[in-house]
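Each remark here refers to the structure printed beneath this line.
The values are calculated or read from the model by the stated rules, or taken from the named source; none is laboratory data. Predicted model, so just to flag it, every value in this text is computed and none were measured. Glycine also receives a Cβ, built like all others from the backbone with ideal geometry; neighbour counts cover every protein chain displayed.
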Amino acid sequence: MGVSVVITVYNGARYLRESIDSILGQSLPPLELIVVDDGSADETPAILASYGDAIRVLSQANAGQSAAMTAGIAMARGNMLAFNDADDVWPPQRNELQVSALTRDLSLDAVFGHSEQFVSPELDEDTRRRLAPPHMIFAGEVATCMTIRRSAFDRVGNLDPEYRSSYFIDWLGRAKRSGFKTLMLDDIVLLRRLHENNWGRSQSQSRDRLLLKALRQHIVRGRDDVPGDTG
């Protein structure tokens, strides 16, 4: 057994190869890498085909990241799950660090780590300056910084496709209410690429709407868990 890694991609050919190579080149290779092509119309299918049997590919009509992620998880054969976006990069020892932590402490459901942001180096100087974040490194309680036991994921339940790209806020809220036990490593486990087409930047209104919806649902569920609370 081992880690099944799922990448979802939609018209992400520009950075996809670097993302895939960073996972295939891990010091502890994953059991498998599943890439779900969510209806791409660019060079994504050709790039995926070039890897042959090194990766597993699922192509589907565009349905949003949450639905694509759920489809990839359904294919997974590993006893652990991990995720990446098509424009981000894993440091070489990411998989080894998180698997080791889960192996040492069998009571853990999942392991997170820190994310280091970087502005994509091919961008011009003005764009790089504009995109530079105030903080480069943060504790990543996000899907792409997590390795989780498959049994723990199944216990919490699937991602909600209604949230499309804000799915993890809803899912993590459900996980924490279930008594989810996690560890935050001090290590950097994700290199998060900043560029002009990041979903949160290009679709900020949709992102904010879905984020608020997920937070409201989290609050409502929390109230429902309090005996005698009528709001």
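A few points about this structure:
- Which listed residue is over 24 Å from LEU191 (Cβ atoms) and β-branched (Val, Ile, Thr), from VAL99, VAL142, VAL156, VAL111: VAL156
- Selection status of SER178, in contact (Cβ under 8 Å) with a residue 40 or more places away in the chain and among the hydroxyl-bearing types (Ser, Thr, Tyr): no
- Some residue of the range 50-68 being surrounded by 20 or more Cβ atoms within 10 Å (Cβ to Cβ), among the hydrophobic types (A, V, I, L, M, F, W, C) and under 15 Å from the mean Cα position of the chain (by Cα): yes
- Yes/no for VAL89 being among the hydrophobic types (A, V, I, L, M, F, W, C) and within 27 Å of ALA13 (Cα to Cα): yes
- Of everything listed in (1) at pLDDT 95 or above; (2) assigned to a helix (DSSP H, G or I); (3) within 18 Å of the chain's Cα centre (by Cα); (4) more than 20 Å from SER178 (Cβ to Cβ), the single unmet condition for ASN84 is (2).
- Among the candidates GLY39, GLY72, residue that is closer than 25 Å to SER100 by Cβ, surrounded by 15 or more Cβ atoms within 10 Å (Cβ to Cβ) and either more than 15 Å from the chain's Cα centre (by Cα) or at pLDDT 95 or above (or both): GLY72
- Index of the failed condition, ALA49 passing every other in (1) under 27 Å from ASP170 (Cα atoms); (2) among the hydrophobic types (A, V, I, L, M, F, W, C); (3) without any contact (Cβ under 8 Å) to a residue 12 or more places away in the chain: (1)
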